[in-house]
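Note sheet for the following structure.
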Amino acid sequence: AQSVTQLGSHVSVSEGALVLLRCNYSSSVPPYLFWYVQYPNQGLQLLLKYTSAATLVKGINGFEAEFKKSETSFHLTKPSAHMSDAAEYFCAVSEEGYNKLIFGAGTRLAVHP
Amino acid sequence: DGGITQSPKYLFRKEGQNVTLSCEQNLNHDAMYWYRQDPGQGLRLIYYSQIVNDFQKGDIAEGYSVSREKKESFPLTVTSAQKNPTAFYLCASSNRQYSNQPQHFGDGTRLSIL
């Protein structure tokens with residue numbers, strides 16, 4: 001069965017510091033992986049997706065994620081945090097032929113001056 | 001612009017009352033989904049539909065009902081049987097034919113009990 005684990009429900013960084021949000025998945029077949037961002041009282045917006053092409057995926061707003069099969073991980077990074085990055089981030093997994101997404105519990109990112 | 005429209009943005013329910021949340025999409029997507037979001041619990045799937053006139057229960061369907069009479073519309077009814085309806089409800093859609101395609105989300109409806 002598919003599952004997603006996001007380590008750290010809250011992460012706090014200084015403005016300009018590296019952002020690292022962790023995501024590990026469980027899947028019996030090569031997965032499709034997604035990162036979404038949610039701002040307060042809004043829906044989810046797609047940041048980036050991995051669909052078996054390049055293992056390093058670049059997304060919007062300067063974010064990127066690297067698919068590591070050996071570690072079953074898909075961590076999200078951004079070299080330099082901005083105040084506007086403060087939001088909740090969700091990792092999700094799907095599989096070929098399986099038209100549902102399984103979401104992690106989310107990580108709330110705080111950025112302080 | 002194509003997208004998903006959820007209405008109303010805020011909704012209040014009285015005891016014993018059924019309420020219906022609207023979700024409309026103009027993305028020409030076959031699949032539509034309803035999620036419930038509670039603080040610290042991520043998104044939980046309530047119902048999903050892959051084609052008109054067909055839908056399946058998700059992980060937490062008890063106390064909810066849906067219909068899918070049109071491709072564009074997937075309304076969710078929160079019945080009086082749902083004893084803890086206070087939550088943020090999100091509707092999403094996707095291209096059913098391709099599992100590697102992301103889901104697109106509406107801006108949500110926040111439901112509270114009066």
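None of the figures in this text is laboratory data; all of them are computed from the coordinates on show. This one's a predicted model, so the numbers in the text were calculated from it and none came from an experiment. Here the Cβ positions follow ideal geometry from the backbone for every residue, glycine too, while neighbour counts run over all protein chains shown.
For the reader, a short list of remarks on this structure follows.
- The order of B:LEU27, A:LEU48, B:LEU114, A:LEU101, going from fewest to most other C-beta atoms within 10 Å of their C-beta, is B:LEU114, B:LEU27, A:LEU48, A:LEU101.
- For the range B:1-63, the dipole from Cβ point charges (+1 on Lys and Arg, -1 on Asp and Glu) about the Cα centre works out to 240 debye, to the nearest 20.
- Excluding same-chain neighbours fewer than eight residues apart, the lysines reachable from B:LYS14 by a Cα-Cα span under 17 Å are B:LYS83.
- Local electrostatic count, B:GLY40, Cβ distance below 15 Å [Lys/Arg +1, Asp/Glu -1]: +1
- Net charge of the neighbourhood of A:GLN6, taken over other residues with C-beta under 12 Å away and scored Lys/Arg +1, Asp/Glu -1, is +1.
- Listed by chain and number, the lysines placed with their C-alpha closer than 30 angstrom to that of A:LYS68 are A:LYS49, A:LYS58, A:LYS78, A:LYS100; residues fewer than eight positions away on the same chain are left out.
- As a proxy for reagent exposure, B:GLU15, A:GLU64 were ordered by neighbouring Cβ count within 10 angstrom, fewest first; the result is B:GLU15, A:GLU64.
- Dividing the convex hull volume of the alpha-carbon atoms in the range B:1-70 by its residue count gives 120 Å³ per residue.
- For a modelled paramagnetic label at B:ASP30, 7 Å from Cα along Cα-to-Cβ, the residues of the range B:37-60 in reach, with backbone nitrogen under 12 Å, are B:50-52.
- Were the residues from A:ALA110 through A:ILE60 laid out at 0.36 nm apart, the gain over their Cα-Cα distance would be 16.1 nm.
- Per-residue Cβ neighbour rank within 10 angstrom, fewest leading, A:ASP85, B:ASP30, B:ASP59, B:ASP54: B:ASP54, B:ASP59, B:ASP30, A:ASP85
- Bridgeable aspartates and glutamates around B:LYS9 (alpha carbons under 12 Å apart, same-chain partners fewer than 8 residues away excluded): B:ASP107.
- Computed E for A:HIS10/A:MET83 - FRET, C-beta separation, R0 22 angstrom, nearest 0.05: 0.85
- Positive minus negative residues near B:SER49 (Lys, Arg vs Asp, Glu; Cβ under 9 Å): -1
- Using alpha carbons only, the radius of gyration of chain A set against its Kirkwood radius gives Rg/Rh = 0.96.
- Looking at the range A:34-93, the pairs of alpha carbons with a distance over 14 Å make up 54% of the total.
- Separation in nanometres of the label points that stand 7 Å from Cα toward Cβ, at A:ASN41 and B:ILE113: 2.3
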